[in-house]
Amino acid sequence: MPETIRIEDIAQHEGEQVTLQGWVYNHTDTGKLVFVWVRDGTGFAQCVFFKGDVGPELFEAAQSLTYESSVKITGSVRQDDRAPGMPGGYELGADDLEILQIAEEYPIQPKEHGVDFLMENRHLWIRSQRQWAVLRVRATVIRAIRDWLDDNGFVNMDTPILTPAACEGTTTLFETEYFGDLAYLAQSGQLYNEADIYAFGRVYCFGPTFRAEKSKTRRHLTEFWMVEPEAAFCDMDQLMEIEEQFVSYIVQTCLEERAAELEILGRDTSRLEQVVPPFPRISYDEALEIIAEIREAMDDPELKELLKIEWGDDFGSPHETELTERFQKPVFVYGYPTEAKAFYMEPWPDRPEVSKSVDLLAPEGYGEITGGSERISDLDLLLQRLDEWGLPREAFEWYVDLRRYGSVPHSGFGLGLERTVTWICGIDHLRETIAFPRTLTRVYP
Ligand code: 4AD
Ligand code: MG
């Protein structure tokens with residue numbers, strides 16, 4: 001019996017007789033030859049049935065295959081640079097075929113489909129090669145995230161999903177009935193991380209977060225995954241050092257381990273190769289000046305209007321896009337106006353209208369992938385902020401406690417998984433970076 005192998009490992013089996021098990025991704029029949037692209041979850045490979053070799057009966061069976069039929073194909077592995085399927089080029093000279101099921105007419109055909117149709121059929125769309133490549137990159141990004149944090153002294157602490165209060169502002173909360181009370185789906189695990197650092201020093205949480213964002217943009221999901229590292233005895237500058245090491249590691253790991261997938265996606269990897277520390281750092285004030293310059297030099301009145309911004313406003317996508325086009329690497333923007341950000345941010349010394357906040361913006365127009373800050377460590381200031389932000393004291397009592405017992409300067413950030421994968425893959429839309437995206441207009445399938 002020939003060994004059943006994974007397509008991913010096919011190069012190690014050149015010249016051997018092996019069996020592939022998977023699904024028919026593509027099918028071409030010339031009368032004398034049938035080319036079957038098989039995908040098995042680990043890769044794509046072409047299998048060639050030659051009538052003269054396999055005999056009429058088997059050849060007819062190969063001819064009868066439809067898209068997505070499930071099969072086991074046995075044959076000998078040969079290297080061929082022209083072989084389609086995966087970069088690198090291996091194919092199978094087929095000599096046997098077992099059909100598990102002949103698939104019904106498959107809704108997704110090798111032609112252009114509208115996005116709505118594809119989203120409606122997301123449970124099938126994920127089988128397509130590009131979607132497969134993106135989701136494989138995602139899995140690698142997740143592993144790289146955990147590896148780096150685990151290797152650098154961050155302890156994984158899972159934070160609750162059902163929470164009594166808002167972390168990132170009350171306007172985007174999903175609320176749910178909780179035994180006669182109300183609870184909210186977590187927007188962030190940060191506040192709990194801040195408790196955890198007093199037990200473990202450096203921690204991270206990594207899980208789904210929920211925001212009832214009314215924005216229908218290519219950068220927003222209502223359910224997205226965020227990794228949030230938090231560190232005691234860490235100021236904003238030290239935080240940026242952690243972030244640039246962390247993000248560089250993630251990108252370099254993808255370049256090493258997901259080269260084939262990035263090639264399938266047509267990613268210009270030379271841009272990713274440049275993602276190594278240090279990253280440029282500019283202040284919010286400097287960023288405003290750059291945006292003003294860009295506007296000045298601009299002819300398009302519509303875009304000019306979009307880029308209008310006054311001191312105090314947070315950036316929108318157009319600002320971030322224009323700004324990051326100017327940089328080769330991810331760029332830190334620090335020192336945002338206090339009012340534009342969340343309640344917990346440490347103010348700038350002698351400049352309370354500015355916060356010790358920092359976002360990391362990905363290049364090539366991708367924009368914000370992380371948001372973080374140094375946190376308020378002073379008890380009185382935190383109490384004052386809760387009042388000013390109109391937040392209920394009772395719900396935050398435990399959080400306030402953290403400033404009572406051994407308060408220290410501490411900082412943390414959140415990295416949006418889907419935004420990071422979108423950038424690394426070089427694709428246009430966030431929704432392709434998660435198997436079943438949740439957006440303003442979609443909870444099916
Ligand atoms: O900037 P944000 O809102 O920061 C926080 O939630 C902090 N509590 C994190 C922390 O300091 N521990 O969100 C962090 C990141 C953003 O930079 C972005 O990448 C991603 O989460 N993000 C979203 N991704 C997809 N869809 C959305 N609606 C997102 N909102 C934020
Ligand atoms: Mg943010």
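What relative contact order, as a whole-number percentage, does the stretch 122-433 give when Cα pairs under 8 Å and 6 or more residues apart are counted? Working shown, then result.
Values: 551 pairs, mean separation 63.8, N = 312.
Computed value for the stretch 122-433: 20 percent relative contact order.
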Could you size up the charge dipole of the chain around its Cα centre, putting +1 on the beta carbon of Lys and Arg and -1 on that of Asp and Glu, and report it in debye to the nearest 20? 720 debye
Cα centre as origin, Lys/Arg/Asp/Glu Cβ charges: the stretch 3-101 dipole, Debye: 240 debye
For SER76 and TYR106, extending 7 Å from Cα along the Cα-Cβ vector and measuring point to point gives, in nm, a value of 2.9 nm
In the structure shown, of LYS111/LYS214; LYS329/LYS356; LYS216/LYS308; LYS216/LYS356; LYS214/LYS356; LYS304/LYS356, the pairs separated by more than 25 angstrom at the C-alpha atoms are LYS111/LYS214; LYS216/LYS356; LYS214/LYS356; LYS304/LYS356
Rg and Dmax in Å for the stretch 3-101, alpha carbons only: what are they? 11.9, 32
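Which three semi-axes in whole Å describe the equivalent ellipsoid of the stretch 78-196, each the square root of 5 times a Cα gyration tensor eigenvalue, listed largest first? Let's see the in-between values first.
Numbers: eigenvalues 383, 115, 37 Å².
Taking √(5λ) for each eigenvalue gives 44, 24, 14 Å, largest first.
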Taking the Cα atoms only, what angle lies between the long axis of helix 190-200 and the longest principal axis of the chain, rounded to 10 degrees? 90 degrees
Distance (nanometres) between label positions extended 7 Å along Cα→Cβ at ASP237 and LEU379: 3.0 nm
Leading residue at positive end of dipole, the stretch 122-433 (Cβ point charges), from LEU221, PHE327, LEU379: LEU221
Mind ordering 18-28, 108-118, 203-213, 288-298 by average Cβ neighbours within 10 Å, highest first? 203-213, 18-28, 288-298, 108-118
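If you stretched the chain out fully between GLU3 and LYS214, how much longer would it get, using 0.36 nm times the residue separation minus the C-alpha to C-alpha distance? Spell out each step's value before the answer.
Numbers: separation 211, 0.36 × 211 = 75.96 nm, distance 5.23 nm.
Here the answer is 70.7 nm.
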Going toward the positive end of the dipole of the stretch 150-305, with +1 on Lys and Arg Cβ and -1 on Asp and Glu Cβ, which of ASN193, TYR204, LEU265 do you reach last? LEU265
So how far, in whole Å, is the C-alpha centre of the stretch 5-77 from the one of the stretch 317-367? 52 Å
At a threshold of 8 angstrom on Cα-Cα distance, excluding pairs fewer than six apart, so keeping six or more, what relative contact order does the stretch 220-365 reach in percent? 22 percent
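Antiparallel DSSP bridges in the chain: what percent, to the nearest 5? Display every interim value, and only then the final one.
Details: 70 of 80 bridges.
For the chain, the DSSP antiparallel bridge percentage is about 90.
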Roughly speaking, what is the stretch gain from ASN26 to ARG326, that is 0.36 nm per residue apart minus the C-alpha to C-alpha distance, in nm to one decimal? 103.8 nm
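What FRET efficiency do you get for LEU182 and ASP116 if R0 is 56 Å and r is their Cβ-Cβ distance, rounded to the nearest 0.05? Kindly include the intermediate steps, with their values, before the conclusion.
Details: r = 34 Å, r/R0 = 0.61.
Result of the calculation: an efficiency of 0.95.
Given a cut-off of under 8 Å on Cα pairs at least six residues apart, what relative contact order in percent is computed for the stretch 3-101?
Numbers: 234 pairs, mean separation 29.7, N = 99.
In percent, rounded to a whole number, it is 30.
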Taking the 0 to 90 degree range and rounding to the nearest ten, how far is the long axis of helix 236-257 tilted relative to the main principal axis of the chain, both from C-alpha atoms? 0 degrees
Quick one: grab Rg to one decimal and Dmax as a whole number for the chain, Cα atoms only, in Å. 25.9, 85
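Values quoted throughout were computed directly from the atomic coordinates according to the rules given, and no laboratory measurement underlies them. Just so it is clear, the model here is predicted, and its values are computed rather than measured. For neighbour counting, all protein chains shown are included, and Cβ atoms are generated from backbone atoms with ideal geometry for every residue, glycine included.
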